[in-house]
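The values are calculated or read from the model by the stated rules, or taken from the named source; none is laboratory data. Just so you know, these numbers come straight off a predicted model, no measurement behind them. Virtual Cβ from ideal backbone geometry, glycine too; neighbours counted across all protein chains shown. Heads up: the accessible areas ignore ligands, DNA and RNA and are worked out on the full protein's heavy atoms, side chains in. Shrake-Rupley method; radii C 1.70, N 1.55, O 1.52, S 1.80 Å.
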Amino acid sequence: MSLPTHIAIIMDGNGRWAKGQGFRTRIRGHEVGVEALRRTAQSCAELGIRFLTVYAFSEENWSRPKTEVDALMRILVSSLSKELPTLMQHGIQLQAIGKLDQLPKSAQRELNEVKAATAGNARLVLTLALSYGSRQEMLGAAQTLAREVSEGKRSVESIDEAAFSNALYTQGMPDPDLVIRTSGEQRISNYLLWQISYAELIFMPVLWPDFSREHLEEALAQYASRERRMGKTSEQLNEQSN
Ligand code: FPP
């Protein structure tokens, strides 16, 4: 069975979960969402997935009510230190992408500490997308490359797919093979638009806090049953595998 190397997840439905459970605020949904993330990262490490990238906070999320933004940042800071033993135990390396300098200083500090502490772990790379937006990421890459041309450091012709990929936050990472979005919404919401050009997309009705190992395995089974043609014909693919 073919296993994706890199899974990207849009963890959606925390607010609806909290409401459905009768909690007064959406925040409990985010707290329980962290547990779902811990389970999922652990399962990915055990199953042999090499990269897991999760949408934890989008650039657009800054416009949520201040109480919710503050709670999310508090959850981020407390989870980072609390989860370090789990990350070490499972060989998980932590990375982060996005406009990280927009995060509170305490979150930046905690992220740097956990990144440094887990830098030698090689089983799974868990990347948190924080204050992340794909269009903004691509604009940043275009600006970097344009600057290099104007400074005479590269030619216009040297800007190819590899050069563009290298100017993104995800430089050095393989592109996601599979995108999972929970909660039943069927949108990409400005997530890794360049990187998921050839990814399989799976939308699942489960709310993120309820996402379990079984849901992950169901997504992996669906992924394995799909034929990834990348523009080729079925016959060409069959010839390649013979
Ligand atoms: C989407 O659910 C979820 C988020 C905006 C945050 C995802 C965060 C976590 C799972 C916790 C980990 C958080 C950090 C910062 C590490 P929603 O609130 O949009 O739910 P709804 O669509 O039901 O309203």
Exercise. Name the single residue, out of those in region 22-37 being small (Gly, Ala, Ser) and closer than 21 Å to LEU126 by Cβ, that is farthest from the chain's Cα centre (by Cα).
Key: GLY29
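Output the residue which, of all residues in region 11-35 that are part of a loop (DSSP other than H, G, I, E, B) and either near the ligand (Cβ under 8 Å from one of its atoms) or in contact with a Pro (Cβ under 8 Å, 6 or more places away or on another chain) (or both), is farthest from ILE202 (Cα to Cα). Spell out how you get there, then give the answer.
From region 11-35, those part of a loop (DSSP other than H, G, I, E, B) are 11-13, 21-26; that's our starting set.
Among the residues that remain, those that are also either near the ligand (Cβ under 8 Å from one of its atoms) or in contact with a Pro (Cβ under 8 Å, 6 or more places away or on another chain) (or both) are: 11-13, 26.
On the way: MET11: 12, ASP12: 13, GLY13: 15, ARG26: 25 Å.
Applying the filter and picking the extreme gives ARG26.
Could you grab me the full set of residues in region 198-241 that are outside any helix (DSSP H, G or I), farther than 30 Å from GLN21 by Cα, open to solvent by 50 Å² or more (accessible area, probe 1.4 Å) and out of contact with any Phe, Trp or Tyr (no Cβ under 6 Å at 6 or more places or on another chain)?
Taking region 198-241 as the starting set, the residues that turn out to be outside any helix (DSSP H, G or I) are 198-207, 211-212, 226-233.
In the following step, the residues that additionally are farther than 30 Å from GLN21 by Cα were identified as 198-200, 226-233.
Remaining after also requiring open to solvent by 50 Å² or more (accessible area, probe 1.4 Å): 198, 226-233.
Selection gives TYR198, ARG226, GLU227, ARG228, ARG229, GLY231, LYS232, THR233.
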Exercise. Identify, from the list GLU137, GLU113, GLU200, the residue that is within 24 Å of VAL69 (Cβ to Cβ), of a type outside the set (Gly, Ala, Ser) and within 16 Å of the chain's Cα centre (by Cα).
Key: GLU137
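Within region 49-68, how many residues turn out to be near the ligand (Cβ under 10 Å from one of its atoms), part of a helix (DSSP H, G or I) and over 17 Å from the mean Cα position of the chain (by Cα)?
Going through region 49-68, the residues near the ligand (Cβ under 10 Å from one of its atoms) turn out to be 54-58, 60-61, 64, 68.
Okay, now just the ones that are also part of a helix (DSSP H, G or I), so 60-61, 68.
Imposing the further condition that a residue be over 17 Å from the mean Cα position of the chain (by Cα) reduces the set to 68.
So the answer is 1.
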Quiz item: Here are some conditions: (1) of a type outside the set (A, V, I, L, M); (2) surrounded by fewer than 19 Cβ atoms within 10 Å (Cβ to Cβ); (3) under 26 Å from GLY140 (Cβ atoms). TYR191 meets all but one. Which one does it not meet?
Solution: (2)
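Does MET73 satisfy being more than 8 Å from the ligand (Cβ to nearest atom), among the hydrophobic types (A, V, I, L, M, F, W, C) and not in a loop (DSSP other than H, G, I, E, B)?
Details: more than 8 Å from the ligand (Cβ to nearest atom): no; among the hydrophobic types (A, V, I, L, M, F, W, C): yes; not in a loop (DSSP other than H, G, I, E, B): yes.
No: the conditions fail for MET73.
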Quiz item: Pairs, please: C-beta under 7 Å, at least 6 apart or cross-chain, first residue within 18 Å of ARG28 (Cβ to Cβ) and in region 206-217, second modelled with pLDDT of 95 or more and more than 12 Å from the ligand (Cβ to nearest atom)?
Solution: VAL206/HIS215
Quiz item: For LEU3, which of the numbered conditions (1) hydrophobic (A, V, I, L, M, F, W, C); (2) open to solvent by 20 Å² or more (accessible area, probe 1.4 Å); (3) within 18 Å of HIS215 (Cβ to Cβ); (4) in a helix (DSSP H, G or I) fails to hold?
Solution: (4)
